[in-house]
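**Student:** A single structure is presented below for examination.
The values are calculated or read from the model by the stated rules, or taken from the named source; none is laboratory data. Source: prediction; values computed, not measured. For neighbour counting, all protein chains shown are included, and Cβ atoms are generated from backbone atoms with ideal geometry for every residue, glycine included. These accessible areas exclude ligands, DNA and RNA; they are computed on the full protein's heavy atoms, side chains included. Shrake-Rupley method; radii C 1.70, N 1.55, O 1.52, S 1.80 Å.
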Amino acid sequence: MRTRIVVLGAGFGGLELTTLLSDALADAVDIVLIDKGDTFVFGFSKLDVMFGRQTAADVRHPYRDIVKPGVRFLQTAVRSIDPAARRAVTDAGMFEADVLVVALGADYDVAATPGLAEGDHEFYSVAGAFALRDMLPRFEGGAAVVGVCGKSFKCPPAPSETALLLHDYLVARARREATTISVVMPFGTPVPPSPDTSQAILTAFQERGIRFVKDNLVRAFDAGRKVVTLSDGSEMPCDLLLGIPVHRVPQVVVESGLAAHPHDWVPVNKKTLETNFPGVYAVGDVNGVGTPKAGVFAEGAARVVAAAIIAHVRGGPSPEAYAGRGSCYVEFGHHQVGRVDVDFLSGPKPTGTFQEPSEALVAEKALFGSSRLQRWFGK
Ligand SMILES: Cc1cc2nc3c(=O)[nH]c(=O)nc-3n(C[C@H](O)[C@H](O)[C@H](O)COP(=O)(O)OP(=O)(O)OC[C@H]3O[C@@H](n4cnc5c(N)ncnc54)[C@H](O)[C@@H]3O)c2cc1C
């Protein structure tokens, strides 16, 4: 009997997991990988498209290219999940599993921030970032705000990267002097686990005249009055909002009972990433393991779950516990990329080490992307 594995979500976590399982167990498992979309887009590619560095077509990687022994990709929406029965109902029928992996990522609650949904004001979704690519060339100047709307959000360096890339973009269009740029973040520093990374970003902000508004959130945007209201009650002028919407647990996951409510990420065993339901794992942004919401962490989680499934099928020793470590590349603008290596779980508090921006890291980031495409899509 082949082990039936159903993976819900073909993002960073789902793609890495199915690749590892196909490599190790193709003869022993039937894997169904389910996603409602037809293409994968790296998170960082949203910035590349938004600022005109790549086209939308360049960064869409169609799932139809997945050809992996033992894996069947299915484009369909997951409508309900029964974790006790390890079963998912989709528009294409019901799937029962011996091992069920939930890798559905984080959804956005754009409506939670009044004014955010009325126009092209967020860049965290693929549609939002791609729409801004067409809108930004019409921006002639004023107050630009890169604003975080909720405390838990993907890729903590991304708002800072966005401000630095916006600076370059406006310089190239000769509109920088006509624009002020502010970054509103719920933290005291840009990347709290790594003081060196934070300091390097704050120095880059200072050199470019970018204002860092710490310990605050954007609560509302009034496009008519051209202001954002912050969580401390103050207002800031805002002609251009590049917003990071409130993140939430996908509704289908809340309804399954895997998460208690929309802002309570799926509880898992920190070492194994298994949920409270035996044989049901939560990988990536959807879980509440305590690491940042980033692709590299989703990938690390997928590796631990893959090792557990391989041990289960082949009967090997238990895998090592999830370490909660990952490396994030940080765009500094001026065609420079830095790197922060963070460790969230092995010490009493998260720590991070910083590598200064360099040409070598630009190449390393490009290899990070191309090696995933090679591994996941055979490109
Ligand atoms: C601007 C930006 C920049 C970023 N930069 C980086 C970076 O440099 N490095 C990094 O590591 N991370 C970065 N990230 C974060 C990274 O993109 C995410 O953390 C990562 O994609 C999470 O992986 P995941 O597998 O948990 O979820 P996702 O990759 O979001 O995948 C979830 C999948 O589930 C599918 N899905 C959801 N609901 C359903 C449903 N009901 N039915 C069927 N399918 C469904 C979705 O279509 C999606 O494909 C960035 C994010 C943004 C927004």
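**Student:** Condition check: more than 14 Å from the ligand (Cβ to nearest atom) and among the hydroxyl-bearing types (Ser, Thr, Tyr). Does Thr113 satisfy that?
**Tutor:** yes
**Student:** Which of the residues belonging to segment 254-267 are open to solvent by 30 Å² or more (accessible area, probe 1.4 Å) and under 25 Å from Arg325 (Cα atoms)?
**Tutor:** Hits for segment 254-267 are His263, Asp264, Trp265, Pro267.
**Student:** Go through segment 1-12 residue by residue and tally those that are away from the ligand (no atom under 15 Å from the Cβ) and part of a strand (DSSP E or B).
**Tutor:** Of the residues in segment 1-12, 3 are away from the ligand (no atom under 15 Å from the Cβ) and part of a strand (DSSP E or B).
**Student:** A follow-up question, please. Across segment 227-253, what is the number of residues that are open to solvent by 20 Å² or more (accessible area, probe 1.4 Å) and within 30 Å of Ile34 (Cβ to Cβ)?
**Tutor:** Of the residues in that region, 4 qualify.
**Student:** In segment 2-30, what residues are small (Gly, Ala, Ser) and either over 24 Å from Val296 (Cβ atoms) or at pLDDT below 95 (or both)?
**Tutor:** Within segment 2-30, Ala26, Ala28 qualify.
**Student:** Exactly one condition in (1) farther than 30 Å from Leu136 by Cβ; (2) open to solvent by less than 60 Å² (accessible area, probe 1.4 Å) is not met by Glu96; state its number.
**Tutor:** It is condition (2) that Glu96 fails.
**Student:** While we're on this one: Just a yes or no: is a residue in segment 22-34 of a type outside the set (Val, Ile, Thr) and closer than 25 Å to Asn276 by Cα?
**Tutor:** Yes, because at least one residue in segment 22-34 is of a type outside the set (Val, Ile, Thr) and closer than 25 Å to Asn276 by Cα.
**Student:** Which strands (runs of 3 or more DSSP E) does segment 85-202 wholly contain that include 3 or more residues that are over 25 Å from His247 (Cα atoms)?
**Tutor:** Per the criteria, 93-96.
**Student:** Restricting attention to segment 285-298, does a residue exist that is away from the ligand (no atom under 11 Å from the Cβ), of a type outside the set (A, V, I, L, M), at pLDDT 95 or above and open to solvent by less than 10 Å² (accessible area, probe 1.4 Å)?
**Tutor:** The answer is no; no qualifying residue exists.
**Student:** Are any residues in segment 337-355 open to solvent by less than 30 Å² (accessible area, probe 1.4 Å) and of a type in the set (Gly, Ala, Ser), and if so, which ones?
**Tutor:** Gly338, Gly352
**Student:** Only one of Arg219, Arg176, Arg248, Arg211 is within 14 Å of the ligand (Cβ to nearest atom) and among the charged types (D, E, K, R). Can you tell me which?
**Tutor:** Criteria check complete, one pass: Arg248.
**Student:** In the set Ser80, Ser152, Ser125, which member is within 11 Å of the ligand (Cβ to nearest atom), farther than 16 Å from Ser256 by Cβ and either surrounded by 13 or more Cβ atoms within 10 Å (Cβ to Cβ) or at pLDDT 95 or above (or both)?
**Tutor:** Just one listed residue meets the conditions, Ser125.
**Student:** Right, something else. Mind telling me which of the residues Ser327, Ser371, Ser358 ends up being hydroxyl-bearing (Ser, Thr, Tyr), open to solvent by less than 60 Å² (accessible area, probe 1.4 Å) and without any contact (Cβ under 8 Å) to a residue 12 or more places away in the chain?
**Tutor:** Ser371
**Student:** In segment 91-145, what count of residues is obtained for those that are over 24 Å from Asn287 (Cβ atoms) and among the charged types (D, E, K, R)?
**Tutor:** The total comes to 7.
**Student:** Hey, can you tell me all the residues within segment 13-37 that are under 16 Å from Ala92 (Cβ atoms), touching a Gly at 6+ places or on another chain (Cβ under 9 Å) and away from the ligand (no atom under 11 Å from the Cβ)?
**Tutor:** Asp30, Ile31
**Student:** Continuing with this model, one more query. Could you list, ordered by first residue, the pairs with Cβ atoms under 9 Å in which the first is in segment 207-231 and on the phi > 0 side of the Ramachandran plot and the second is open to solvent by 40 Å² or more (accessible area, probe 1.4 Å) and of a type in the set (Asp, Glu), at least 6 apart or interchain?
**Tutor:** Asp215/Asp232; Lys226/Asp239
**Student:** Taking segment 181-226 only, how many residues are open to solvent by 40 Å² or more (accessible area, probe 1.4 Å) and of a type in the set (S, T, N, Q)?
**Tutor:** Total satisfying the criteria: 4.
**Student:** List every residue pair whose Cβ atoms lie under 8 Å apart, where the two residues are 6 or more positions apart in sequence or sit on different chains, the first residue falls within segment 1-27 and is in contact (Cβ under 8 Å) with a residue 24 or more places away in the chain and at positive phi, and the second residue, located anywhere, is of a type in the set (Val, Ile, Thr) and more than 7 Å from the ligand (Cβ to nearest atom).
**Tutor:** Close Cβ pairs (under 8 Å, with a partner that is of a type in the set (Val, Ile, Thr) and more than 7 Å from the ligand (Cβ to nearest atom)) amount to Gly9/Val102.
**Student:** Out of everything in segment 57-69 that is open to solvent by 30 Å² or more (accessible area, probe 1.4 Å) and in contact with a helix residue (DSSP H, G or I) (Cβ under 6 Å, 6 or more places away or on another chain), what residue ends up being farthest from the ligand (Cβ to nearest atom)?
**Tutor:** Ranking the qualifying residues of segment 57-69, first place goes to Pro69.
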